[in-house]
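Every number in this text was worked out from the coordinates using simple rules, so none of it is lab data. If you're wondering where the values come from, they're calculated on a predicted model, not measured in any experiment. Glycine also receives a Cβ, built like all others from the backbone with ideal geometry; neighbour counts cover every protein chain displayed.
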Amino acid sequence: MNVMRLEVDFRGYWHAGTGRGSGHHLDALVCRDACGLPYLPGKTLRGLLRDALGRLEEWGSAAAASAGITQDLFGSTAWEYNNGAPVTRDTTEPGKLFVSDARLPEDVSAWLAQEDNAPLRAGLFREHFSTAMTKQGVARNKSLRGTEVSVPLTLTAEVHLLPGCEAHGWKEALKAALPLVRAAGSHRSRGFGRCVIREAAHV
């Protein structure tokens with residue numbers, strides 16, 4: 001079956017942002033699903049997988065399966081070149097893989113979504129504040145920033161070939177690239193989002 005199930009095991013606080021804040025209190029909020037639970041958007045996970053496989057291919061690893069597999073699976077991008085000419089957004093080629101959002105397991109989500117478990121849902125989030133400092137060790141004026149983060153969780157996602165598409169050795173190549181992903185989400189340079197992505201065990 002052309003489906004690969006992944007686990008995203010966060011080892012610390014992480015932030016998958018919406019691009020919105022909460023007014024005066026927090027500058028950045030995390031993505032929540034309809035039940036108010038945190039998740040990692042599929043486009044974010046897709047970008048991480050593409051980058052990891054691309055590096056594996058650039059290094060000439062036999063695990064990359066074949067030359068051009070990254071573009072074959074994930075499509076071309078607007079910053080690539082074709083015979084020396086830049087590829088524009090309207091001339092990019094689509095990829096063959098679909099990457100779902102990474103979410104909590106369905107049974108866990110259903111349990112947390114119950115009305116009585118609202119306090120537990122709130123416990124999945126924290127508020128993190130930071131500020132820029134001067135050389136004298138004094139906080140810079142108007143530099144305080146508040147970021148909502150999620151606590152360490154293990155999320156699951158699915159990757160599969162789109163209908164009508166074929167790609168030899170894609171699962172093995174992707175599995176070989178997974179250890180190259182060390183963090184996910186925003187503010188990775190600040191230590192957020194440390195994670196391990198692995199293929200989920202078959203049930």
Potential extension, LEU162-ASP33 segment - 0.36 nm per residue separation minus Cα distance:
44.0 nm
With just the Cα atoms defining each centre, how far is region 142-180 from region 98-122? Give it in Å.
18 Å
Taking θ = phi - 60°, what integer Hz values does the Karplus form 6.51 cos²θ - 1.76 cosθ + 1.60 yield along region 45-56, in sequence order, with x for Gly and Pro?
5, 4, x, 5, 5, 4, 4, 5, 5, x, 5, 4
Among TRP111, TRP170, TRP59, which comes first, then next, by fewest other beta-carbon atoms within 10 Å?
TRP59, TRP111, TRP170
Rank these for me by crowding, LYS96, LYS43, going from fewest to most other beta carbons within 10 Å.
LYS43, LYS96
List residues of region 34-71, by number, whose backbone nitrogen lies under 19 Å from a label position 7 Å along Cα→C-beta of ARG121.
34-41
Can you list residues from other chains, or at least 5 along the same chain, whose modelled amide H is less than 5 Å from the amide H of ARG198?
GLU7, ASP9
Check TRP14: other-chain or 5+ apart residues with amide H under 5 Å from its amide H, H built from backbone geometry?
SER150, GLY193
